[in-house]
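Heads up, the thing below is written out as structure tokens.
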Ligand code: GLT
Ligand code: MN
Ligand code: MN
């Protein structure tokens with residue numbers, strides 16, 4: 001870890017809005033074809049380790065920490081009190097809460113199922129998660145709709161399902177406004193998270209763009225309270241340029257929260273550590289976010305591989321992910337003030353200088369040489385990524 005440099009201390013790591021999910025650290029290595037390779041661990045242990053590493057913020061699903069049958073009962077109050085004590089003991093804060101509306105059998109037909117009982121139960125869960133969020137001092141609530149879709153054609157009415165899904169979110173926002181007022185706290189920022197494949201064959205809101213359209217559809221009673229939690233890999237999975245998907249969310253003023261990880265196009269949700277697969281793209285993503293003033297959390301939503309030991313999860317997976325993120329964030333700052341990139345983009349924006357802009361041939365000729373700078377910029381980004389701009393050479 002320390003041999004190659006690029007390891008930061010706890011104080012440095014504290015300066016970034018990086019959050020560690022309960023479910024990521026507690027992931028036991030299980031999957032559809034995989035038995036677990038690591039033991040289960042609770043929130044006390046996770047927070048102790050995150051606290052030691054210097055991950056300041058903690059995120060959780062309701063059922064990561066509260067058994068389903070204890071939700072909304074006195075046991076929940078007792079557990080939430082223990083969580084508050086553990087956060088304080090480890091110098092951590094809860095930044096985000098999310099309702100698990102995908103795993104339990106009750107969600108077999110999604111949280112917006114035809115059955116009114118299921119939908120009533122979904123509203124209870126979303127309102128209860130808002131309650132927990134306020135109790136823990138969170139700023140964000142995230143919703144991944146899970147099974148909102150179908151396996152077999154014609155099984156569900158898409159329009160009704162989307163209307164019902166909106167009713168659940170409306171219930172969460174209404175409850176939020178009520179409690180926020182009572183407690184004198186700002187309301188939570190409600191964030192939708194899209195995933196294009198899994199756990200249904202066809203997903204009704206498969207991308208962040210689909211969710212933007214849904215937020216603007218008129219179905220939400222408080223669309224201003226609802227934005228996005230894009231996940232880098234979930235956009236990559238469907239073949240998007242994650243950077244362009246994030247740009248569209250920024251334009252709409254809806255980039256509230258961001259799940260950071262990595263993986264491959266058109267594959268399943270492998271949730272690999274940030275920038276281990278696409279470091280150059282990650283550098284560019286962070287240039288975009290820095291340039292356009294994103295100041296929300298970076299949530300380490302990834303799964304340490306099942307080959308990683310329990311020791312490795314906290315000694316290798318999390319600290320290296322945090323430190324890669326910090327390094328890339330600082331590099332993105334270097335990109336923004338790099339004199340060569342500035343000169344190149346300045347020249348591109350100035351244009352070729354042509355007397356008559358209605359003369360297509362003259363415009364094309366005047367810009368021809370300038371456009372070479374696109375590739376030069378890409379080359380410069382690569383130099384910055386590997387440190388060549390600081391004189392690292394490979395001559396012998
Ligand atoms: C689920 C999903 C993640 C989401 C979680 C938020 S649920 O684990 O695969 O990407 O961020 O609810
Ligand atoms: Mn995610
Ligand atoms: Mn994922």
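Let's see how each residue does on (1) part of a helix (DSSP H, G or I); (2) over 19 Å from residue 190 (Cα atoms); (3) within 16 Å of ligand 1 (Cβ to nearest atom):
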{"site": "244", "(1), (2), (3)": "yes, yes, no"}
{"site": "248", "(1), (2), (3)": "yes, no, no"}
{"site": "253", "(1), (2), (3)": "no, no, no"}
{"site": "267", "(1), (2), (3)": "no, yes, yes"}
{"site": "283", "(1), (2), (3)": "yes, yes, no"}
{"site": "314", "(1), (2), (3)": "yes, yes, no"}
- Query: Which of the residues that make up the range 226-242 are within 16 Å of ligand 2 (Cβ to nearest atom) and surrounded by fewer than 21 Cβ atoms within 10 Å (Cβ to Cβ)?
  - Reply: 238, 240
- Message: As an exercise: evaluate residue 134 against (1) within 16 Å of ligand 1 (Cβ to nearest atom); (2) crowded, with 17+ Cβ neighbours inside 10 Å; (3) closer than 29 Å to residue 296 by Cα and give the number of the one condition it does not meet.
- Response: (1)
- Task: Looking for whichever is within 16 Å of ligand 2 (Cβ to nearest atom) and over 30 Å from residue 164 (Cβ atoms) here; the options are 29, 20, 51. Which one fits?
- Result: 20
- Flag for residue 245 being in contact with a helix residue (DSSP H, G or I) (Cβ under 7 Å, 6 or more places away or on another chain) and buried (at least 21 other Cβ atoms within 10 Å of the Cβ): yes
- Check on residue 319, under 20 Å from residue 336 (Cβ atoms), more than 16 Å from ligand 3 (Cβ to nearest atom) and surrounded by 15 or more Cβ atoms within 10 Å (Cβ to Cβ): no
- Message: Which condition from (1) surrounded by 23 or more Cβ atoms within 10 Å (Cβ to Cβ); (2) more than 20 Å from residue 110 (Cα to Cα); (3) within 18 Å of the chain's Cα centre (by Cα) is the one that residue 192 breaks?
- Response: (2)
- Tally, over the range 201-225, of residues that are away from ligand 2 (no atom under 15 Å from the Cβ) and either assigned to a helix (DSSP H, G or I) or within 21 Å of residue 21 (Cα to Cα) (or both): 9
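A quick yes/no check of all residues on (1) surrounded by 14 or more Cβ atoms within 10 Å (Cβ to Cβ); (2) closer than 23 Å to residue 199 by Cβ; (3) within 17 Å of the chain's Cα centre (by Cα):
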site: 263; (1), (2), (3): yes, yes, yes
site: 299; (1), (2), (3): yes, yes, yes
site: 333; (1), (2), (3): no, no, no
site: 338; (1), (2), (3): yes, no, no
site: 342; (1), (2), (3): no, no, no
- Query: How many residues, within the range 226-273, are more than 10 Å from ligand 3 (Cβ to nearest atom) and touching a residue at least 60 places away in the same chain (Cβ under 8 Å)?
  - Reply: 4
- Note on the structure: From the option list 109, 138, 122, 86, single residue qualifying as in contact (Cβ under 8 Å) with a residue 12 or more places away in the chain, in a loop (DSSP other than H, G, I, E, B) and out of contact with any strand residue (DSSP E or B) (no Cβ under 8 Å at 6 or more places or on another chain) is 109
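FYI, it's all coordinate maths here, none of it is from the lab. All figures in this text were calculated on a predicted structure; none of them were measured in a lab. Here Cβ is always computed from backbone atoms with ideal geometry, including for glycine, and neighbour counts include all displayed protein chains.
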